[in-house]
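The values are calculated or read from the model by the stated rules, or taken from the named source; none is laboratory data. Keep in mind the model is a prediction, meaning the values are calculated, not measured. All Cβ positions, glycine included, derive from the backbone under ideal geometry; neighbour counts span all protein chains shown. Surface accessibility is based on the protein's heavy atoms, side chains included, excluding ligands, DNA and RNA. Shrake-Rupley method; radii C 1.70, N 1.55, O 1.52, S 1.80 Å.
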Amino acid sequence: MRRVRPGAASRGSAERALTSVAAGEAYESEAHAGHEGQARESGEGDAVEAPRLWHVTLSVSGAEAPLNEVRRGLEQLAHDHPFLLTSRYAPDHAEIRYWEEARDLHDAAAVALRLWGEHRQSARLPPWEIVGLEVIDRDTYHQRIAEGYGPLPATPVGVHPF
């Protein structure tokens, strides 16, 4: 499934949410072909870049909050949005890791930068700010792991203290 923004009518609202929709036939046929991230032709003959997978690490920080409330908020976020792989937390900071499907790095980063703010109220997350963002493509992620550095694989999956 691919997450997309709601229609233009909701852009001015205070509570925006990411919405999941099915990828559709065009993407499914490409997925079976195994050519992630390569261009394809649209119906008009224009080249259109196929979605790729990006590994996102979002770091947030702020004033101390009760540990049980931080955990509960991250668990609610993971429940509402099961694309989250793992979250680590402490009373004054947290880190969220997940895979994002997007056309390019800019799109993946834009979704990541909206994630905390757009779900802060619905998941009752602490009023922290984003202090770090890393977005890397799938090949780079696997290359780092193979070389023994970079972000460790997101295991165990779930919400855990630092």
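The listed residues Arg124, Arg103, Arg114 rank as Arg124, Arg103, Arg114 when sorted by accessible area, largest first, using a 1.4 Å probe.
Residues Thr57, Thr140, sorted by accessible area with the largest first, give Thr140, Thr57 [1.4 Å probe; ligands and nucleic acids excluded].
In terms of its C-alpha gyration tensor, the range 48-129 has a prolate overall shape, because the principal axis ratio a/c (a ≥ b ≥ c, square roots of the eigenvalues) is not below 1.5 and a/b outweighs b/c. For the range 60-129, GluC sites (Glu not before Pro) meeting the loop criterion (DSSP other than H, G, I, E, B) and having at most 15 other Cβ atoms within 10 Å: Glu64.
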